[in-house]
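Worksheet: the structure to be examined is printed underneath.
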Amino acid sequence: MFLDFLDALRAAGIPASLKEHLLLLEALDREVIARRPEDFYYLARATYVKDEGLLDRFDQVFAKVFKGIEGGGDTENATIPEEWLRQLAELYLTEAQMAEIKKLGSWDEIMETLKQRLAEQKERHEGGSKWIGTGGTSPFGHGGYNPEGVRIGGEGRHGRAIKVWEQRAFRNLDADRELGTRNIKVALRRLRRFAREGAAEELDIAATIDGTARQGWLDVVMRPERHNAVKLLLFLDVGGSMDPHITLCEELFSAATSEFKNLEFFYFHNCLYEGVWKDNRRRFTERTPTWDVLHKFGHDYKLLFVGDAAMSPYEISHPGGSVEHFNEEAGAVWMQRIVNTYPAAAWLNPVAEAHWGYSPSVGMLRELMGGRMYPLTLAGLDEAMRELSRKR
């Protein structure tokens, strides 16, 4: 039963297993839902879909497999809103006028009349009582009022349509939106390598029990605390075109500081040059030479840049190209040095990947990074963490 549905889900890339299929059949056998298509849809979705990014794909498969099986609309409990929203040519009716409007008839009669109107009507119509249009009292169209009709496109107003006839466009649910500090933390956890280092300050319960049982007296065993041993070197672009992305970068920075015990961060503007800084208020007076960074932090550090890479190409390719100072060496020289020093490197770009082609500088920095530039989305962050955790 429903094997075609299972095959269609698998063909669409939804990992539906036989175990889940049997679970669905068991739920139906025990009548955990009412025998309505809508209830079956929610039960099947809860059973098969484990990733919200697949919800839209599931809806498409469900609509294709069970095409023509629909539940009837509930028109008995429909209520008229107290305040009607304005719309082009919307007609305001009194209660007396509403009472005079008669229902067209049964479902079959409404659909048959709709076919006739579509065949007869040749132009756009607004505010009438017969033709298909907007803002009228006809049973067909949208934006008007009829106790029982078919809404064709547009926005519903009074909740009394027994059928909605339109092509509904929904945005796919995927991993491209709504990062947030919590989601960033989950993505950053891919870059983990746990180790126990430092003073033995944590009680080792298993070893204590084993030692006590073997020796016959209480043998307390301590061990160093377990923590993420990955070392991260974070460079954050600030100012100028990065201002619109401040909130997103703050969330990333907050998540990184809580996930990595060994985290070192520095700020830069547009491109890396001979100096970086830790305090933006003192970036001209308290700078750290980039050479010091390269010599102080070992090759085992993971390197992560965060910036939109939007600038004049001369800021990367030419000495003196910086907009804030005269740089004796081109930014590309410093980028090559730091990438060569830290093999595990990636660049996160808060600008949508579709817009990268509009800035030549993005392509230049992406090439300097060896193609390891990723969008600052959940999917992009996940790819960047996989790149940084790759064995070299």
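The values are calculated or read from the model by the stated rules, or taken from the named source; none is laboratory data. Since we're looking at a predicted model, the values are computed, not measured. No Cβ is skipped: glycine too gets one built from the backbone with ideal geometry, and neighbour counts run over all protein chains shown. Surface accessibility is based on the protein's heavy atoms, side chains included, excluding ligands, DNA and RNA. Shrake-Rupley method; radii C 1.70, N 1.55, O 1.52, S 1.80 Å.
Only one of R45, R35, R57 is within 14 Å of F5 (Cα to Cα) and either open to solvent by 90 Å² or more (accessible area, probe 1.4 Å) or not in a helix (DSSP H, G or I) (or both). Can you tell me which?
Criteria check complete, one pass: R57.
Exactly one condition in (1) at pLDDT 90 or above; (2) closer than 24 Å to L294 by Cα is false for H325; which is it?
All conditions pass for H325, except number (1).
Go through the stretch 337-359 and report how many residues are part of a helix (DSSP H, G or I) and either touching a Leu at 6+ places or on another chain (Cβ under 9 Å) or within 20 Å of P244 (Cα to Cα) (or both).
Summing the residues that are part of a helix (DSSP H, G or I) and either touching a Leu at 6+ places or on another chain (Cβ under 9 Å) or within 20 Å of P244 (Cα to Cα) (or both) in the stretch 337-359 gives 10.
If E286 passes every condition in (1) acidic (D, E); (2) touching a strand residue (DSSP E or B) at 6+ places or on another chain (Cβ under 8 Å); (3) open to solvent by 80 Å² or more (accessible area, probe 1.4 Å); (4) under 24 Å from V339 (Cβ atoms) but one, which one does it miss?
(4)
Quick one: would you say H295 is at pLDDT 90 or above and within 24 Å of L381 (Cβ to Cβ)?
So H295 fails the test.
Can you tell me how many residues within the stretch 326-341 are surrounded by fewer than 22 Cβ atoms within 10 Å (Cβ to Cβ) and either out of contact with any Asp or Glu (no Cβ under 9 Å at 6 or more places or on another chain) or charged (D, E, K, R) (or both)?
Total meeting the criteria: 11.
Look through S241, S322, S312, S258 and report the one residue that is in contact with a helix residue (DSSP H, G or I) (Cβ under 8 Å, 6 or more places away or on another chain) and part of a helix (DSSP H, G or I).
Answer to the selection: S258.
Listed residues V306, V238; which is in contact with a strand residue (DSSP E or B) (Cβ under 8 Å, 6 or more places away or on another chain), at pLDDT 90 or above and hydrophobic (A, V, I, L, M, F, W, C)?
V306
Restricting attention to the stretch 249-266, which residues are farther than 10 Å from L234 by Cβ, touching a strand residue (DSSP E or B) at 6+ places or on another chain (Cβ under 7 Å) and open to solvent by 40 Å² or more (accessible area, probe 1.4 Å)?
Residues satisfying the conditions are K261, N262.
Go through the stretch 1-35 and give me each residue that's under 12 Å from T47 (Cβ atoms) and modelled with pLDDT under 85.
Within the stretch 1-35, F2 is the sole residue that qualifies.
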